[in-house]
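Worksheet: one structure, shown below.
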Amino acid sequence: MSFKLKDGLTNRIYTFFFSPWFVALLAVVVRLIYLVQYSKSPLFHVPLWDAEDYYDIAVSFSQLKIHSSLIFRPPFYPLILGLLYLFFGVDLLIPRLLGIATGAWSCVQVMRIGRLLYGDKAGTAAGIIAALCGLMVYFDLEILPTSLFILLALTFILEMLKLETGESTSYRIGLFFALSVLTRPVVLTFLPVAALWVFFIRRNVKKVVIFVGVSILPLLFMLIIHLTTGSGPVLISAQGGVNYYIGNHHQSDGMTAKFPGIGTGWGWLEMKRWVESKSGSVLKDSDVDKLYWNEGLSEIREHPRAWLKLMLRKALLFWNKTEISSNRDLYYQGNRFPMLGVLMFISFANLLPFAFAGLFIGWKKNGIRLIFLFTSVFFLTIIQFFVNGRFRHPLTPLLIILAVGGVMGFIKLIKEKEHIRPIRWVILGIVIVIGVVLPRLTSTGFNAASGTYGLFTEGKAYERLGKIDQAEQFYLKAIEADPRAPHVNFYIAELAREQGDLHRAVDYYRRELENQPTHAKAWNNLGVSWSDLGEDANALFCFRKALDLSPQLYEARRNICRIWSLRGTQFSEEGRWEDAYMCFAKALEYDPIEPLYKTLCIEAVYNFGDRSIAGFEIDSLLHIHPDYKPALDLKMKWTKK
């Protein structure tokens, strides 16, 4: 009897450790430990850059409003977060708990896919590795759609695999695909491949039509929302065009969102002003997106050789051993939190050789071919823009599955070595070598040991929290770690300018420009500092330099106009109307669509020249801007005379 009890207990323990519950529990425990550690960092308490956009959109949804940044971001993740905020209140802990839940579920989906492809033991091993994967732990606690997208993409793939056995339907596959697209639009390029796959598996046109229809319906709903809010015909979000332009510009490094002449840290409104300045008119969001796509294509046409080199670089960067930072330095985060650093050993590059082996060994299985197709299309889509660790990370769980399959398959081949042809061993060896060599074929130029970008980011978090002294300390530490680090001197200068220390601001803007002489925004802000110091000649030089580097930089154009209009106003107060006209005309030259400068020019002409010409000009201006008050007031003033 006692032996039966022991056997029963042993079986229950064995069953538990090979169950989805164990994988989910392990994933939750690991992420909760990291949550406790992470909560002590300022980065936990301040959403920065992309995370800030998603946070703001979610807060607006919770208030039953639509945020202006929605047009630039895919909607599903902030919608889910907004609903949680609506019911439980706005709290930065909520997106982390959402990430833990979706991350644990993703690990279970990894386990289920692994079991379908390679058996129970391999599937369980894959689920456990996913639960312990440092990259997955990290992204699960960020206020980003990455974790949710991984869950939806894995569920979509799982449903596609189950379609072959009749355990899924076209409706379910279409639903999860649509939600994936609404979370990360780049996956939309897989739609035709998925449709062909459904036809290949079921040989039924009706099921393909159902799948495509269900996939597209939510996207049409988003199109209607954008049309009704005045953004124009945007299918999901309008970020594709600007990312395409950045990623294909001849100055692009292929891995950062560095806008030419502006750098990083920009937002949608800034990008919209840039292209409106170039076009000379106010544009709808859809037109902005379209123009950026066209700008990207123009870059390719004008610099074809540079573009081909850039595409090759991006293709190699995608598989690179370095986890290229986006908003955050992953290596700095690993050093700050040792548990995460240890778990980051399960990395993209370390998984790759085993994953390639898994592809080769299991190639005859339809499921393996599906994962290969998904990975290939995803890879080809991402490199059209720019590459970083966050953008390629959704493939990490698939690499885990393939890598476990590769190890299990290799062991099986060894056991059956007498029945395996030598050529198969040779090809397998070549495949593994490719997986080892590929991540090392190009350099990112990123020094993971310096921690510069992480120190800078932590400084930015302190700045957002209003702790200026701590912010400056971290900025200075970043400079100490790498004196040529981009943007850090710029933000020290920004702090100094905000505190009124203009001479110090000038010094640090100059240091930034020594490192990045083409940083147009730094030239502009240096000009602002010179202007505040009363050095208008130096200021104008800097503003013109900024415009030479980035002709569409609205702030520089506006600042030049401000200096000339102020000079003109001083001359007009002294009765020197001809000199005033020359200054106002200079301002109008830099901003010809601004009615204020045209009005000031007309007033100067009236006071020193032909009043009939001035009267004709004011009527012409009011014909274009009939409600422009300064022009109306000026005409009324002349009428009274």
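Summary table below
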quantity	calculated
Failed condition for Val193, given (1) more than 30 Å from Pro42 (Cα to Cα); (2) surrounded by 24 or more Cβ atoms within 10 Å (Cβ to Cβ)	(2)
Output for the stretch 278-294, where each listed residue is open to solvent by less than 40 Å² (accessible area, probe 1.4 Å) and part of a helix (DSSP H, G or I)	Asp285, Ser286, Val288, Asp289, Tyr292
Scan of the stretch 604-627 for residues that are open to solvent by less than 50 Å² (accessible area, probe 1.4 Å) and part of a helix (DSSP H, G or I), ordered by number	Ala604, Val605, Tyr606, Ala614, Gly615, Ile618, Ser620, Leu621, Leu622
Test for Leu117: is it of a type in the set (A, V, I, L, M), open to solvent by 10 Å² or more (accessible area, probe 1.4 Å) and modelled with pLDDT under 95	yes
Which listed residue, of Ile262, Ile246, Ile236, is modelled with pLDDT under 85, open to solvent by less than 40 Å² (accessible area, probe 1.4 Å) and among the β-branched types (Val, Ile, Thr)	Ile262
Yes/no for Thr452 being among the β-branched types (Val, Ile, Thr), buried (at least 19 other Cβ atoms within 10 Å of the Cβ) and either under 14 Å from Trp319 (Cβ atoms) or touching a Phe, Trp or Tyr at 6+ places or on another chain (Cβ under 8 Å) (or both)	no
Residue in the stretch 439-477 that is nearest to Tyr331 (Cα to Cα), counting only those that are assigned to a helix (DSSP H, G or I) and hydrophobic (A, V, I, L, M, F, W, C)	Leu455
Neighbours by Cβ (under 7 Å, 6+ apart or cross-chain): first from the stretch 35-49, more than 15 Å from Ile100 (Cα to Cα); second part of a loop (DSSP other than H, G, I, E, B)	Pro42/Leu465; His45/Leu92; His45/Leu465; Val46/Leu465; Pro47/Ile143; Leu48/Asn327; Trp49/Gly265; Trp49/Asn327
Phe176, sole failed condition from (1) within 24 Å of the chain's Cα centre (by Cα); (2) modelled with pLDDT under 95	(2)
Any hit, the stretch 297-306, residues being closer than 30 Å to Ile225 by Cβ and surrounded by fewer than 22 Cβ atoms within 10 Å (Cβ to Cβ)	yes
All positions within the stretch 15-34 that are in a helix (DSSP H, G or I) and open to solvent by less than 20 Å² (accessible area, probe 1.4 Å)	Val23, Ala27, Val30, Arg31, Tyr34
Given (1) under 29 Å from Leu70 (Cβ atoms); (2) open to solvent by 40 Å² or more (accessible area, probe 1.4 Å); (3) modelled with pLDDT under 90; (4) not charged (D, E, K, R), number of the condition Leu219 does not satisfy	(2)
Condition met for Leu81 (assigned to a helix (DSSP H, G or I), among the hydrophobic types (A, V, I, L, M, F, W, C), in contact with a helix residue (DSSP H, G or I) (Cβ under 6 Å, 6 or more places away or on another chain) and at pLDDT 95 or above)	yes
Residue list for the stretch 360-377, filter: within 14 Å of Pro397 (Cα to Cα) and open to solvent by less than 40 Å² (accessible area, probe 1.4 Å)	Ile368, Ile371, Phe374, Thr375
Exclusive hit being open to solvent by 10 Å² or more (accessible area, probe 1.4 Å), touching a Gly at 6+ places or on another chain (Cβ under 8 Å) and not polar (S, T, N, Q), set Phe410, Phe391, Phe385	Phe385
Entirely in the stretch 301-407, the helices (runs of 4 or more DSSP H) that have 3 or more residues that are without any contact (Cβ under 8 Å) to a residue 12 or more places away in the chain	304-318
Filter pass, Leu526 being open to solvent by 70 Å² or more (accessible area, probe 1.4 Å) and in contact with a Cys (Cβ under 9 Å, 6 or more places away or on another chain)	no
Only listed residue being open to solvent by 50 Å² or more (accessible area, probe 1.4 Å) and part of a loop (DSSP other than H, G, I, E, B), chosen from Pro630, Pro592	Pro592
Residues being surrounded by 19 or more Cβ atoms within 10 Å (Cβ to Cβ) and not in a helix (DSSP H, G or I) - total across the stretch 487-515	1
Test: residue in the stretch 67-74 that is within 30 Å of Leu227 (Cβ to Cβ), open to solvent by less than 40 Å² (accessible area, probe 1.4 Å), part of a loop (DSSP other than H, G, I, E, B) and of a type outside the set (Val, Ile, Thr)	yes
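The values are calculated or read from the model by the stated rules, or taken from the named source; none is laboratory data. Only a predicted model underlies this, so the values are computations on that prediction, with no experimental measurement involved. With ideal geometry, Cβ positions are generated from the backbone for all residues, glycine too; neighbour counts draw on all protein chains shown. Note: areas computed on protein heavy atoms with side chains; ligands, DNA, RNA excluded. Shrake-Rupley method; radii C 1.70, N 1.55, O 1.52, S 1.80 Å.
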